[in-house]
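Peer 1: Submitted below is the structure of interest, expressed as structure tokens.
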Ligand code: DUC
Ligand code: ZN
Ligand code: ZN
């Protein structure tokens with residue numbers, strides 16, 4: 001089966017050009033100057049003239065059906081990966097979880113079982129370590145060597161749930177330094193945050209906005225700095241800061257990178273577009289929709305502007321979503337009268353490609369940087385390149401034909417995520433996902449779905465190819 005995507009502007013991390021993309025089976029076999037293609041026959045031809053042809057999006061941070069805060073994220077691997085496909089994402093890297101006291105491999109087996117036969121697009125796992133001990137350290141080696149899991153997330157937040165102390169973090173970093181893995185860090189000082197949360201509740205400050213107020217930027221910056229210092233002690237263990245939201249934390253990452261360190265970071269669309277005052281501070285309990293950690297930051301400070309700048313300068317390498325949706329009904333509502341009981345998380349896996357394209361329209365990023373932050377760098381960072389993340393011969397035929405003249409209006413009535421609200425209700429994007437191709441198969445065309453659950457394959461990942 002062959003497919004020719006004709007006349008589009010192919011966008012890669014290093015430039016754009018009008019070219020025809022020839023696909024045979026699941027792979028791209030040629031990217032050709034259009035003057036060469038009249039002689040080529042293909043089973044199917046898609047006209048992409050006037051449109052961008054980009055590598056399928058890779059969302060390197062999702063939590064489908066994650067058990068958290070006394071409930072579970074409302075998107076399953078079925079609903080969440082289907083929604084991702086609608087939005088031009090053809091690969092996710094989700095998080096398998098080892099809880100404290102659990103065997104790491106048992107946690108992984110549980111996530112393999114959850115995903116088996118469910119995913120619409122290709123998927124891989126990072127491993128959350130919720131209990132770093134000698135067995136867990138040995139398991140890290142085994143996962144890297146045998147399972148294609150080459151990144152491990154640790155938490156400096158959530159004492160009593162996922163929290164690791166500095167000694168545990170250092171030991172995990174030393175192990176990662178030796179086996180080549182990446183340490184991903186949720187960098188917030190959870191011990192101090194818990195004190196602030198308790199004090200706020202004692203004062204009767206129970207509304208959702210206090211979720212943000214009790215997680216100040218200073219405590220994100222402190223934890224980011226501490227993680228960077230611990231990674232330095234672990235002989236420059238590769239470190240990736242997840243969901244970075246505060247200017248002060250970004251400054252710590254920039255300083256480490258300027259010193260030539262293997263320190264990387266991602267941000268998420270919610271921190272680029274949404275704020276403490278306008279969303280988390282919405283009247284009544286409405287703000288619960290935007291309770292996530294790290295929290296949304298103040299519009300009266302320079303966070304969003306600094307994050308866009310960080311994306312331009314590569315101090316922020318990737319935009320992921322931290323997709324972790326909870327419905328208002330029965331889930332977010334658990335925190336009525338006590339913000340600390342609102343399950344933490346925002347859904348957005350369907351909108352990342354569009355929301356960052358809007359950053360191009362608004363003049364924050366170049367087209368090349370759009371593609372780099374949503375597809376190419378995630379592939380390189382997490383050992384999927386060049387199979388994924390680039391339009392070139394030999395790579396998987398994961399392609400998005402993106403229409404810069406279309407528009408997308410985001411809202412709960414039209415999205416495909418299993419959420420009873422949209423975090424971006426009413427937002428208009430000046431662009432539109434047209435056709436989505438996953439390993440040579442058209443799975444979305446003109447808003448219609450042609451994929452099926454179970455077609456997504458588990459990807460064993462290699463080591464990062466992004467290290468300095
Ligand atoms: N932050 C969230 O908002 N949700 C899931 C886990 C996390 O770290
Ligand atoms: Zn986190
Ligand atoms: Zn997360």
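Every number here is computed from the coordinates shown, using simple stated rules; none is lab data. Computed from a prediction, not measured in an experiment: that's the story for all the values here. For neighbour counting, all protein chains shown are included, and Cβ atoms are generated from backbone atoms with ideal geometry for every residue, glycine included.
Peer 1: Using 7 Å Cα-to-Cβ label points, what is the residue 109/residue 446 separation (nm, one decimal)?
Peer 2: Distance between label points: 4.9 nm.
Peer 1: For residue 430 and residue 286, what is the calculated FRET efficiency with R₀ set at 22 Å and r taken between the beta-carbons, to the nearest 0.05?
Peer 2: Once the sixth-power term is evaluated, E becomes 0.20.
Peer 1: Arranged by the count of other C-beta atoms within 10 angstrom, fewest first, what order do 233, 104, 349 take?
Peer 2: 233, 104, 349
Peer 1: Continuing with the same structure: Stretched out fully, how many nm does the piece from residue 141 to residue 33 gain, at 0.36 nm a residue minus the Cα gap?
Peer 2: Answer, rounded to one decimal: 34.4 nm.
Peer 1: Distance in nm between label sites at residue 100 and residue 420, each 7 Å beyond Cα in the beta-carbon direction?
Peer 2: So the two model labels end up 3.2 nm from each other.
Peer 1: In degrees, nearest 10, range 0 to 90: what is the angle between the Cα axis of helix 303-313 and the longest Cα principal axis of the chain?
Peer 2: That works out to roughly 50 degrees.
Peer 1: Follow-up. Only helical DSSP H runs with n ≥ 4 go in: add -39500 (n - 2.57) per run for the chain, normalise by residue count and round the 222 nm mean residue ellipticity to 500 deg cm²/dmol.
Peer 2: -8000 deg cm²/dmol
Peer 1: With angles folded into 0 to 90 degrees, how steeply does helix 247-258 sit against the dominant principal axis of the chain? Use alpha carbons for both and round to 10.
Peer 2: 70 degrees
Peer 1: Looking at the calculated P(r) for the chain, what percent of the C-alpha pair distances fall above 29 Å?
Peer 2: 44 percent
Peer 1: Another question about this same structure. Multiplying the sequence separation of residue 314 and residue 468 by 0.36 nm and subtracting their Cα-Cα distance, what value in nm do you get?
Peer 2: 54.1 nm
Peer 1: Now, a different point. Report the gain in length on full extension from residue 453 to residue 201: 0.36 nm times residue separation, minus Cα-Cα distance, nm rounded to one decimal.
Peer 2: 86.3 nm
Peer 1: Could I ask something else about it? What whole number of Å gives the distance from the Cα centroid of the stretch 1-61 to the Cα centroid of the stretch 221-254?
Peer 2: The distance from the Cα centre of the stretch 221-254 to that of the stretch 1-61 comes to 38 Å.
Peer 1: Only Cα pairs under 8 Å and at least 6 apart count here; give the relative contact order of the chain as a rounded whole percent.
Peer 2: 22 percent
Peer 1: Another question, if that's okay. Given the Cα atoms of the stretch 27-140, and with Rh set as the inverse mean 1/r over their pairs in the Kirkwood sense, what is Rg to Rh to two decimals?
Peer 2: Result: Rg/Rh = 1.16.
Peer 1: Could I ask something else about it? What angle, in degrees between 0 and 90 and rounded to the nearest 10, separates the Cα long axis of helix 104-115 from the longest principal axis of the Cα atoms of the chain?
Peer 2: Compared with the principal axis, the helix lies near 50 degrees.
Peer 1: Please compute the modelled spin-label separation between residue 278 and residue 45, points set 7 Å along Cα→Cβ, answer in nm with one decimal.
Peer 2: 4.5 nm
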